[in-house]
1. What whole-number distance in Å separates the alpha-carbon centres of the stretch 36-54 and the stretch 154-229?
2. Under a crude label model (7 Å from the Cα following the beta-carbon direction), how far is Leu46 from Met1 in nanometres?
3. Not counting ligands, DNA or RNA, and with a 1.4 Å probe, what is Lys53's accessible surface area in Å² rounded to the nearest 10?
4. Label Lys238 and Thr66 with points 7 Å out from Cα along Cα→Cβ: what is the distance between them in nm?
5. If you average the sequence gap of Cα pairs under 8 Å that are 6 or more apart and divide by the length of the chain, what percent do you get for the contact order?
6. So how much slack lies between Leu214 and Lys59, counting 0.36 nm per residue of separation and subtracting their Cα-Cα distance, in nm?
7. Would you be so kind as to identify all helices of the chain, as entire DSSP H runs, whose Cα atoms reach 20 Å or more along the helix's own axis and whose mean Kyte-Doolittle hydropathy is at least -1.0?
8. So which lysines can Lys59 reach, going by Cα to Cα under 24 Å and dropping same-chain residues fewer than 8 places off?
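The values are calculated or read from the model by the stated rules, or taken from the named source; none is laboratory data. Predicted model, so just to flag it, every value in this text is computed and none were measured. Here the Cβ is made from the backbone with ideal geometry for all residues, glycine too, and neighbour counts use every protein chain on show. Side chains included, ligands, DNA and RNA excluded: accessible areas come from the protein's heavy atoms. Shrake-Rupley method; radii C 1.70, N 1.55, O 1.52, S 1.80 Å.
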Amino acid sequence: MSGILDGKRILITGVLMESSIAFHAAKLAQEQGAEILLTAFPRPTLTERVAKKLPKPVKVIELDVTNTEHLERLEKVVREELGGLDGLVHSIGFAPQDAMGGNFLNTSFESVATAMHVSAFSLKSLTMACLPLMEGGGSVVGLTFDAQFTWTGYDWMGPAKAALEATSRYMARDLGPRNVRVNLVSAGPIGSMAAKSIPSFNELSDTWNHLSPLEWSTADPEPAGRGIVALLSDWFPKTTGEIVHVDGGVHAVGG
Ligand code: NAD
């Protein structure tokens, strides 16, 4: 059976638990014919355990996206395993606890800087680390949470996502001539590990229950995974600098 990612080589970050959006992207990518590699943070053992639940065996590479040595050695390891890349999934977000949960006006710059480094700048640093592997062009897909609005308790992750969204547009501009597309999936709330660190996650879920034109389930990361796989495929060949909302339609309604 042929899949929409047949013959594609994809590096996927952010698989931590079965609830990770990236886990579902990885599962669907394999089902659609891709050869994938996973990166792991904080420990490869955690990701390796979850990866056993994927349809096919997969190699896991340790990668802290703020660690320059990890980024520098990535190209060699990926080249040895896959020979090159056709796609890259950035499914990474983090903010220290004092940057979320109603402390917006008092958060230290140190914490804001960490949120920005891990959640926004890393789209650029990770992509540049992988760029030599995408000789024939490629598709880079990241994950955002709609940065047009404020969200209760989301606090400095909001500006970090706004930075991620702007970063993806500038990268789309600068990498277009190399036939590298850069797009984001803007997902609705999903009860992952990252979500557990958002103190107001239940309020975000309630917002979706009230507003979403399509029924939304915080327990189902698969729709976001499908959006990622679609953007990795050849079915969005002239789409770059775009944000595809996989949010049940909440971005389109005004309450
Ligand atoms: P998750 O906790 O499963 O994934 C977050 C990932 O970030 C983890 O795998 C973690 O290892 C990784 N990470 C954190 N710091 C890192 C570092 N220094 N280096 C490398 N990796 C690091 O949660 P998720 O919900 O699957 O989150 C994935 C992406 O989706 C994030 O960008 C998140 O902001 C975004 N997102 C999540 C939701 C949601 O409600 N869960 C909604 C929209 C967007």
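1. Here the two parts' Cα centres lie 21 Å apart.
2. Calculated label separation equals 3.3 nm.
3. Roll a 1.4 Å probe over it and Lys53 shows about 120 Å².
4. Each label point lies 7 Å from its Cα, and together they span 4.2 nm.
5. Computed over the chain, the figure is 21 percent.
6. 52.2 nm
7. Membrane-span-like by this criterion, though nothing is claimed about a membrane: 68-82, 157-175.
8. Lys8, Lys27, Lys76, Lys124
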